[in-house]
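Each value in this text was obtained by applying a stated rule to the coordinates, not by laboratory testing. All values derive from a computational prediction rather than experimental measurement. Note: ideal-geometry Cβ built from the backbone for every residue, glycine included; neighbour counts use all protein chains shown.
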Amino acid sequence: MPSDLAGYPVVVEQNVTWGDMDKNGHVNNVEYFRYMENARVEYYRRIGKYEFERETGITLVLKSTTCNYVAPLAYPDRIAVGARVKEIGARQVIMTYTVIDTQRNRVAALGEATIVALKTADKTGVPIPDILKRRIRDLEGD
C-alpha cells in the first residue's frame, strides 16, 4: 500500500481503463468521482450500511462532494483509492479520499464528501444513526 494511504481503513485498487480517458489522452474529470465512489461503496459495505438500510429504511447519501486534481492519470495506470471519515457530526459525516497513481507513487487527486442520513420512504433527513457512528469508529480504529 502506498505510504500516502497509511491511516486509511479502506483502500480500493483498480486499473484505469481506456474508456476512462477523454480526447486529450488523460482520465476525464468525472471518472475521479467514480473512483472515489468505489471506495465509498466499499466503506459502506464494511460498516454494514446496506443491511442497515434494508432493516431500518434509513440510508446514507451524498450531500456534496469535491475533487482537487493533483496529477493526471491515463490508461494503463493502476490506482489505489483510500477512504476515511475525518468527522462524525450529529447530522453529517465528512469522508476524505486520496487517489494514488501506484506506478509513479504520487497523489493524483484529493476528494471530500459530506454524507447525510435520510429515510428512504419519504426522503426526510434524520440524524446519523448511533449504530452507524459506532461502526465507523470501529472501522477507523477510534
**Study point:** Zone residues, region 49-91, relative to Lys119, backbone N less than 11 Å from point 7 Å out along Cα-to-Cβ
**Key:** 57-58
Practice item. Obtain the nm distance between the two label points defined at Asn68 and Asn15 by a simple spin-label model: each point lies 7 Å from its Cα along the Cα-to-C-beta direction. Key: 3.2 nm
**Study point:** Gain on full stretching of the segment that runs from Arg34 to Glu51 - 0.36 nm per residue minus C-alpha separation
**Key:** 3.9 nm
Exercise for review: Give me the aspartates and glutamates in straight-line cross-link reach of Lys86: C-alpha distance below 14 Å, same-chain residues under 8 apart excluded.
Suggested key: Glu112, Asp138, Glu140, Asp142
